[in-house]
Structures are given as C-alpha cells and as structure tokens.
Amino acid sequence: MLNYNVTVPYKIPEVSVGSQYRMIEVGAALQLLRLLWSFFTISRVLVVILIVTNLKSLPLIWHLRIVNAFRFICKTQRPETPVGPEQLFLPLITTSHAPIMEIDFNGHKSNSSYFSDIDIARTHLVCTLFAKGISHFRGGTTAITGSKYPLFGLALGAVSCSFKRELKPYETYEMWSRVLSWDEKWIYIVTHFVRKDVVLPRKYTLYPEQNEAKQRETEGDDTSWLKILDGNKAVVATALSKCVFKSGRRTVSPMIMLRESGLLPAESASGDNNVEEFQLPTSTGSSDSGIDIGSGEEEGFSLAWIEKKRLRGMKAAIALGGKAQTELEQEFTAENDALGRHSDGSGIVGVVSTLAELAHLPACKGVL
C-alpha cells in the first residue's frame, strides 16, 4: 500500500508594519484604561476631589502663594506703568476663595484663616509698590545668591482683624490692601475683605489693560473708593497690619523706602538723607513721618497732601501703636492662680484621646 503525503500550500496573510503599530497602540490604550479603572475607585476619586478643591489649604501652598507675590519685585514682572505718589494710598486687589478646609462649625470661613490671606495680600501690595526700594536694598537680583548686601525683608509686628459678615464655602472674595499710614519706624497696611465684583474701582492705574474688562460707570462724581465702601454691605472684614522694613538686623525707615521706590513727589527726591546709613530725615512739620511740609502745597500729590492722608490714617492705626500694645503686654501676670492645663488635641496622643472621649459621650447624656 502506497502512502502519499500531499502538501497543500497555505499563504499566510501579510500584515503591514503600520497595522502592527496600530494594534500595539490599541492594546496599550486598553491596558491603560484597565489600569486607570482599577485605580480610580470611588474612595480614591473622593480623595482626589478633596485635594483638588482644597489646594489652597495643602502644606507648602502658602509658601508658593508668597513666592507668587515675590515675583513682582523682578523688573520683568513689574507693571509697565511706573508707580508714583498718586498710587501711594491706592488699594491693590487680590482675589481668593474659601475652600471647605477653611470652613468652621458654623458653615462659613473660619476667622483664623483670614490671617493667612492677609499675609498674601500684604505681600502683593508691598512687592508691587516698593519693588524699586526692595531691589535697591537687596543689591539687585543677587541678594539670595551671594550678594554682599544683607537680607532684606518686611517683618510683621502686629495684626488685628474685625469680622462683620460671613463668607460661605467656596465663595470668591477680594482683598483690597493699601498703605494706611506710617511713622518713623512702622508702616501700617489696611486690608478690606470685599465680596467679589460688588464694588469696583473707577479704573486701574498700574494696569490700564484691565480697565476694558472691568470698569465702574461713573457720572463724574468725585467720591473716593473709601467713601463708596463706607457702610457698604460688601465689606465682610477689615484687617490692620503693623510692619517694619528690615535690612539684616537694621531697621529701614518707611520714609526712606518711599523715596527709593519713587512714591514721593520730585521735590523730596533730592533730599540730603544718607540712605545707606539708614538715617531718619529731619521733619519740621510732622513729629514722626519724616516729611518736611514747611513749604509744601496742599494741591495735587504734594508732600502736604501726603502728610494729610498719613495723619488721617494714623488715627485709625493708633490701635496697634506702641502705647496700646505695651498696655496689653502689661496685662500678663504669672503671680496669680491659674485654672489648670489643657491639651489642644493635636498629635497622635491628642487625637486618640479625643476619639476615646467622644466614644463615651452617649453614656454622658444623662450627666449633661
């Protein structure tokens, strides 16, 4: 018996290189989708949402916001319009919002969270108005990278805040910060927390391009923005900061910073003050501002006009003055008895003990 092996020819279909790449890409995309689906469970999605909606309250974000304000010291980041005496008492508006991590038991922005916002708004104002003066005392842009100049900064001496109305969760608000007054050592900055877009300035003097987007319609009245806000329900809180300029450990007078930053009229820019020695100028018309108004005029943006505005602001800033703070410090005494000691509930021990106490609360209902 004969065996025949018959071979039937079979032609394997050819697959182009482009088709192979497409198949690989589709497979990789499907694999990525499976990975993402296994990763994004409901709990993880909730955590991501919580983080994204509360970026403002995460660690190191406050530092990042401060650095964002520092950039206005650089020449490339300064407004194209140079600052001058007419901008000295004008507010800079900084926008923010109230994330859920800043909400207290009453369902509105916690009072303690206002102070971190004040830090940001104050830094934006100082870095914008005093950019030239800061650059002068920092030795240009090399102060942090080996400059011979001492480290220059703004130290906070005191801050107070009064609360009038609430801010709801995720409500957007504005912080209107401006120079209120100064003396031979301290500069006082006021910050108003205002509901967003309820009150608008007539125009933006440093950023004219912003006037096209937002401009309040006026009929030629001569009312200042401060009078507009007086008694207005848009203001939810008002803060006052008492600050001092420091070059290393030496105090720099606000008057010197004003002159170096171009915030005083031309007639005072050629004074005989030795800025490098940080000597205060002699004043004949004011006891603590360093402004000589013996021959000044009260029209326009003259020294007399600036001194008038400064004195007006000093009446409000007196609450953070040296005498008032000294009297408060003298109220501290350790000679009497004390009620006892409590832990603030932080740390592992504090959290565990707090949860343990809360677990026994139902059994204490009869006692309470």
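The values are calculated or read from the model by the stated rules, or taken from the named source; none is laboratory data. Remember, predicted model here, so these are calculated numbers, not experimental data. All Cβ positions, even for glycine, are placed from backbone atoms using ideal geometry, and neighbour counts span all protein chains on display. What goes into the accessible areas is simple: the full protein's heavy atoms, side chains included, and nothing from ligands, DNA or RNA. Shrake-Rupley method; radii C 1.70, N 1.55, O 1.52, S 1.80 Å.
If you take the residues of the stretch 230-263 that are assigned to a loop (DSSP other than H, G, I, E, B) and open to solvent by less than 10 Å² (accessible area, probe 1.4 Å), which of them is modelled with the lowest pLDDT?
Here is the first cut: in the stretch 230-263, the residues assigned to a loop (DSSP other than H, G, I, E, B) are 230-234, 248-249, 253, 261-263.
The next check asks that each one be open to solvent by less than 10 Å² (accessible area, probe 1.4 Å); those that pass are 234, 253, 261, 263.
On the way: A234: 86, S253: 94, S261: 92, L263: 92.
For the stretch 230-263, the residue satisfying everything is A234.
Filtering the stretch 174-194 to residues that are closer than 19 Å to E307 by Cα and either outside any strand (DSSP E or B) or open to solvent by 10 Å² or more (accessible area, probe 1.4 Å) (or both) leaves R178, L180, D183, E184, K185, W186, V190.
Residues satisfying the criterion are present in the stretch 328-343 (criterion: exposed (fewer than 11 other Cβ atoms within 10 Å of the Cβ), out of contact with any helix residue (DSSP H, G or I) (no Cβ under 8 Å at 6 or more places or on another chain) and assigned to a helix (DSSP H, G or I)).
Only one of the listed residues (I93, I103, I120, I61) is of a type in the set (A, V, I, L, M, F, W, C), free of Cβ contacts under 8 Å to residues at least 60 places away in the same chain and under 19 Å from R195 (Cβ atoms). That residue is I120.
Those residues that are surrounded by 10 or more Cβ atoms within 10 Å (Cβ to Cβ) and either at pLDDT below 55 or of a type in the set (A, V, I, L, M, F, W, C) (or both), I need them from the stretch 1-28; list them, please. Outline the logic, then answer.
In the first step, residues of the stretch 1-28 are kept if they are surrounded by 10 or more Cβ atoms within 10 Å (Cβ to Cβ); the result is 19-28.
Of everything in the stretch 1-28, those that are surrounded by 10 or more Cβ atoms within 10 Å (Cβ to Cβ) and either at pLDDT below 55 or of a type in the set (A, V, I, L, M, F, W, C) (or both) turn out to be M23, I24, V26, A28.
Here N68 passes the criteria (1) touching a Leu at 6+ places or on another chain (Cβ under 9 Å); (2) among the polar types (S, T, N, Q); (3) modelled with pLDDT of 90 or more except the one numbered (1). Of the residues in the stretch 315-325, at least one is open to solvent by less than 50 Å² (accessible area, probe 1.4 Å) and modelled with pLDDT of 85 or more.
Would you mind stating whether D272 is open to solvent by 70 Å² or more (accessible area, probe 1.4 Å), assigned to a loop (DSSP other than H, G, I, E, B) and at pLDDT 75 or above? No. Here L151 clears all of (1) of a type in the set (A, V, I, L, M, F, W, C); (2) out of contact with any strand residue (DSSP E or B) (no Cβ under 6 Å at 6 or more places or on another chain); (3) under 30 Å from A234 (Cβ atoms) except the condition numbered (3). The C-beta contact set for the stretch 67-88 (first residue within 30 Å of A304 (Cβ to Cβ), second residue basic (K, R) and open to solvent by less than 30 Å² (accessible area, probe 1.4 Å), distance under 9 angstrom, 6+ apart or interchain) comprises L88/R178.
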